[in-house]
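Where a number appears in this text, it was derived from the coordinates with a stated rule and is not lab data. A quick note: this is a predicted structure, and the numbers were derived from the prediction, not measured. Heads up, the Cβs are rebuilt from the backbone with ideal geometry, glycines too, and the neighbour counts pull from every protein chain shown.
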Amino acid sequence: MKLGPAVKGWWAKRKQREEELNFDPVKAEQHEDGLLRARERMQRLQDERAAEHQQKAEERSAEERDEKINQWETFGVVGKSKKTKPSAPPPSRRDYFPMSGHGGGGGYRPARRNVGGGG
């Protein structure tokens, strides 16, 4: 029989009893207040960082918007495209006939066998 786990359990219970006997409510309240202040400070720092990030993102989007407007003004009137649309689709192959069965990867594939019998 191993005594290690039993001794550890006994020792933990003994420590817990000692802590319960030596419990100081004032000290516990001070500890909780310290934790609360630390959480508030960390939240305040996070809020400041979030505000800075939001401001930078807004500045970036404003710069991008201004840059696009400048590009539109320098390249001409908005809406006119210099690209020409193709007049007609490209001619198809003369030897292409889908019903002939030549070429392409398609082929006959039989239907799935529906065998009865479920489990």
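Treating each Cα of the stretch 24-72 as an identical point scatterer and ignoring solvent, apply the Debye formula and state log10 I(q)/I(0) at q = 0.13, 0.18 Å⁻¹. Results for the stretch 24-72 at q = 0.13, 0.18 Å⁻¹ read -0.53, -0.68. Rounded to the nearest 20 debye, the dipole size of the stretch 24-72 about its Cα centre is 80 debye, using +1 on the Cβ of Lys and Arg and -1 on the Cβ of Asp and Glu. Phi-derived couplings, Karplus 6.51 cos²θ - 1.76 cosθ + 1.60 at θ = phi - 60°, listed residue by residue for the stretch 7-12: 5, 4, x, 4, 5, 5 Hz, with x used for Gly and Pro.
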